[in-house]
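Here the structure comes first, spelled out in structure tokens, and everything after it is commentary.
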Amino acid sequence: MTVGKLGFRNGDILYALVDEGKTGVHETTKTGKTITKDGNIIAQEYQDKTNKKGFRKGMMALGDIKRHWTLADYLELDEKFVYKLKRQEESSCKKVSLDKASLNDFQKFMWNYNYLKIR
């Protein structure tokens, strides 16, 4: 049947279920095949394919993104994944002091428990 005969209009959603066993998708797939531990041959999942051949994990291969690459194009894409840490302009803490008497009391307390007590 055509879409018009089914009464679909612009914006309607069509959900389709495909029985891969009956369509022969495994024989005609272009993404590759995988052999499972029990010896069955199945169509390779898209995520498995991109993890092996992708530019970065979860990305498509460079040839799938764009056919012809120049060095400038490649460097521009690669630059998106370079993270640089910059120094903080102004510190959030201006002065630190240590109370030696309190620290000594804490160490004596922990010594009594052989430093096995969690605080």
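The values are calculated or read from the model by the stated rules, or taken from the named source; none is laboratory data. Small disclaimer: the values here were computed from a predicted structure and weren't measured.
Look through the range 1-51, keep the residues that are polar (S, T, N, Q) and at pLDDT 75 or above, and return whichever of them is farthest from GLY63 (Cα to Cα).
Narrowing the range 1-51 to residues polar (S, T, N, Q): 2, 10, 23, 28-29, 31, 34, 36, 40, 44, 47, 50-51.
Now restrict to residues that are at pLDDT 75 or above: 2, 10, 36, 40.
On the way: THR2: 36, ASN10: 34, THR36: 28, ASN40: 30 Å.
Per the stated criteria, the residue is THR2.
Can you name the residue in the range 83-119 that is part of a loop (DSSP other than H, G, I, E, B) and of a type in the set (Ser, Thr, Tyr) and, of all such residues, is farthest from the chain's Cα centre (by Cα)? Give the derivation first.
Step one: filter the range 83-119 for residues part of a loop (DSSP other than H, G, I, E, B), giving 83-99, 113-119.
In the following step, the residues that additionally are of a type in the set (Ser, Thr, Tyr) were identified as 83, 91-92, 97, 113, 115.
Working: TYR83: 16, SER91: 33, SER92: 33, SER97: 43, TYR113: 45, TYR115: 41 Å.
This residue is TYR113.
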